[in-house]
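K.L.:
The following block contains the structure, expressed as structure tokens.
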Amino acid sequence: MQQGKMIIFTAPSGAGKSTIVHHLLQVFPQLEFSISATTRLRRPHEENGKDYYFVSKEEFRAWIADGAFVEWEEVYEDQFYGTLRREIERIWHEGKHIVFDIDVRGATHLKEAYPDQSLAVFVKPPSYEILVERLIKRRTENEQSLKKRLERIKKELTYETKFDVVLLNDQLDIAFKEAEKIVADFIEVKAEDGNINHA
Ligand code: ADP
Ligand code: 5GP
């Protein structure tokens, strides 16, 4: 099977990965999102099979035992997330490059597994305080899940230097443009070719 490239977006929760990845998927028809499996509860706006494969802990454990994951992590206590081998195969089979939104440890493992064809981008928030503010304003977390996420942030921010590129997400329009340039350079698409569709 022909192998495409991998662009891995990683950061602490609330930094803006999903927002940036969503934008890139609209701009570049060459990209497709790797839908992870997770045991966390679905948020109201999320769709099973689009944002995640939402599964029970039993199913997730069975998939681990079957070797279905390229990488998986218990990102928060009792909440599992993992990248499925079959997602990678499916997307490459379609002749597309893969975009990932995964945590810093998962990104490290994926980068190790595919060193030559992957680019790992750390999305950096302007400050710890702004990151926390974004996470709270997103209104997706309850008191307990917010606490779990906040406990991890300081450690996750120390991974900044461990990846290929740091993308500052301060002003969103600037971050979008920088992300477009990073992707275009990596997949070797030129804006003047008309391949970048600014719809
Ligand atoms: P992640 O996927 O990294 O957890 P999200 O993409 O969900 O983060 O972003 C967290 C929240 O911050 C969302 O409500 C999003 O709309 C908002 N957000 C993202 N980028 C910015 C930005 N540059 N300025 C202000 N708010 C932002
Ligand atoms: P959320 O619950 O906010 O969607 O995601 C929580 C964290 O899990 C984020 O950092 C997100 O990037 C990460 N994540 C999502 N999918 C995967 C995955 O397949 N593997 C790993 N390691 N982390 C993931």
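K.L.:
Please label the shape of segment 93-199 as rounded, prolate or oblate, based on the square roots a ≥ b ≥ c of the eigenvalues of the alpha-carbon gyration tensor (a/c under 1.5 means rounded; beyond that, a/b larger than b/c means prolate, else oblate). Let's see the in-between values first.
P.N.:
On the way: a/c = 2.13, a/b = 1.52, b/c = 1.40.
The shape class here is prolate.
K.L.:
Hey, if you drop one equal point scatterer on each alpha-carbon of the chain and run the Debye formula without solvent, what base-10 log of I(q)/I(0) do you get at q = 0.08, 0.10, 0.11 Å⁻¹?
P.N.:
-0.26, -0.40, -0.49
K.L.:
What is the dipole size for the chain, taken about its Cα centre, with +1 at each Lys and Arg Cβ and -1 at each Asp and Glu Cβ, in debye to the nearest 20? Walk me through the numbers on the way to the answer.
P.N.:
Numbers: 29 positive and 35 negative charges, 91 e Å.
Using only the charged Cβ atoms, the result is roughly 440 debye.
K.L.:
Calculate the spin-label point distance for residue 94 paired with residue 19, positioning each point 7 Å from the Cα along the beta-carbon direction, and give it in nanometres.
P.N.:
2.6 nm
K.L.:
7 Å from Cα along Cα→Cβ at both residue 129 and residue 45: what's the point-to-point distance in nm?
P.N.:
My value for the distance between the label points is 2.6 nm.
K.L.:
Exceeding 20 Å between C-alpha atoms, which entries from my cross-link table qualify? They are 50/154; 17/177; 17/124; 155/177; 50/96; 96/124.
P.N.:
Numbers: 50/154 30 Å; 17/177 14 Å; 17/124 9 Å; 155/177 28 Å; 50/96 17 Å; 96/124 26 Å.
With Cα atoms farther than 20 Å apart: 50/154; 155/177; 96/124.
K.L.:
Right, something else. Tell me, what % of the accessible area of the chain is carbon and sulfur with a 1.4 angstrom probe? Intermediate results must be reported in sequence, preceding the final value.
P.N.:
Details: 5300 of 10700 Å².
With neighbouring chains kept in place, the figure for the chain is 50 percent.
K.L.:
OK, next. Given a 1.4 Å probe, how much area per residue of segment 6-187 is accessible, in Å²?
P.N.:
Working: 9200 Å² over 182 residues.
Per residue, segment 6-187 has 51 Å² of solvent-accessible surface.
The values are calculated or read from the model by the stated rules, or taken from the named source; none is laboratory data. If you're wondering where the values come from, they're calculated on a predicted model, not measured in any experiment. Cβ: placed from backbone, ideal geometry, glycine included. Neighbour counts: every protein chain shown. All accessible areas refer to the heavy atoms of the entire protein, side chains included, with ligands and DNA or RNA removed. Shrake-Rupley method; radii C 1.70, N 1.55, O 1.52, S 1.80 Å.
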